[in-house]
Amino acid sequence: MATTPDPTALEGRVAVVAGATRGAGRGIAAALGEAGATVVCTGRSSTSGTLRSDYDRPETIEETAELVTSLGGVGVAIAVDHLDPAQVRSLADRLRGDYGAIDILVNDIWGAEVLKGPPSTWNKPMWELDLDAGLRTVRLGVETHLITSHCLLPLLVTRPGGLLVEVTDGTAEFNAQNYRVSVYYDLAKVAVNRIAFSQGHDLAPFGATAVAVTPGWLRSEMMLDNYAVTEANWQTAMEVRPDGYPTAPGAFTQSETPRFVGRGVAAIAADPDRARWNQRSASSAELAHEYGFTDVDGRLPDAWAE
């Protein structure tokens, strides 16, 4: 049976989801909205068309903000390129003027899914991969998080209880033991876990918490397109990617909606004892077992257990 989140759990809280256009970012913004938060949704893909995304996709931050509002929160869309410190500083100034402080910061910026390449390019020696694409992967996956934290964390520590969430792929334990796709991708995803650990050191004296969170196998918009299915019929997808790369046996059945990891973030944010997560990393499934929530369809998927 699907659980229904408390629609007032985060009422009065202000959250910023950096990288809220699609995927986990949109799911996290939506789940924070489910819990009643005001959610500032940032990213480059906007109806304004003033910034260029690395993806040629239709999703926009305005759509995410509208979703947040439809679920009971207050959604606000602000176009920002998180690789540009000046733009992120301008975002901080606007947030300071509009809200005075923020309660939750989610660093979900990525944008390198295309640069990661198809499975046929994975596990190749780094010198056989395109250097420019590799370095941009690291910039998009790591530098954006550092810039955003540098500019926005002063707004998070103005009062005790703030929460910083770093979104990555794989827990610290898993990534320490498993090579991920390529040197560049591996570095980016391991680094984000460590960034949460390091920032937790900085935040603890201010009564704030930093945690790294990873979804499992995410049924993002791009993933559904890759398998030529929709959220309505995803269970009909084959267990082999269209490009012929096989998945782990049964893994597709353990896939999850972006809202699942979002509900994990919302649960931590609503937890009065959230400081127990400081400097840790956790999967969406681990958080579901800890807090008792489900995915939107009532399932408890755990791709990491496969």
Checklist outcome for this item: Of those in the range 267-301 that are in contact (Cβ under 8 Å) with a residue 40 or more places away in the chain and among the hydroxyl-bearing types (Ser, Thr, Tyr), the residue surrounded by the most Cβ atoms within 10 Å (Cβ to Cβ) is Ser284
Checklist entry - Would you pick out the residues in the range 1-44 that are out of contact with any Phe, Trp or Tyr (no Cβ under 7 Å at 6 or more places or on another chain) and under 22 Å from Arg136 (Cα atoms)? => result Val17, Ala18, Ala20, Thr21, Arg22, Gly23, Ala24, Gly25, Thr42, Gly43, Arg44
Item to check | Residue check for Met238: hydrophobic (A, V, I, L, M, F, W, C) and either at pLDDT below 85 or in a loop (DSSP other than H, G, I, E, B) (or both) | outcome: yes
Checklist entry - Hey, any hits in the range 137-156 for a residue that's assigned to a loop (DSSP other than H, G, I, E, B), without any contact (Cβ under 8 Å) to a residue 60 or more places away in the chain and in contact with a Leu (Cβ under 9 Å, 6 or more places away or on another chain)? => result no
Checklist entry - Looking at this structure, is Ala212 modelled with pLDDT of 90 or more and in contact with a Lys or Arg (Cβ under 8 Å, 6 or more places away or on another chain)? => result yes
Item to check | Enumeration of residues in the range 184-220 that are polar (S, T, N, Q) and assigned to a helix (DSSP H, G or I) | outcome: Asn193, Ser198, Gln199
Next on the checklist: Condition first: surrounded by 19 or more Cβ atoms within 10 Å (Cβ to Cβ), under 27 Å from Asp273 (Cβ atoms) and not small (Gly, Ala, Ser). Now tell me which residues in the range 172-217 satisfy that.
Outcome noted: Asn175, Val192, Asn193, Ile195, Gln199, Leu203, Thr209, Val211, Val213, Thr214, Pro215
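The values are calculated or read from the model by the stated rules, or taken from the named source; none is laboratory data. Computed from a predicted structure; not experimentally measured. Don't worry about glycine lacking a Cβ; one is built from the backbone with ideal geometry, like all the others, and counts go over all protein chains shown.
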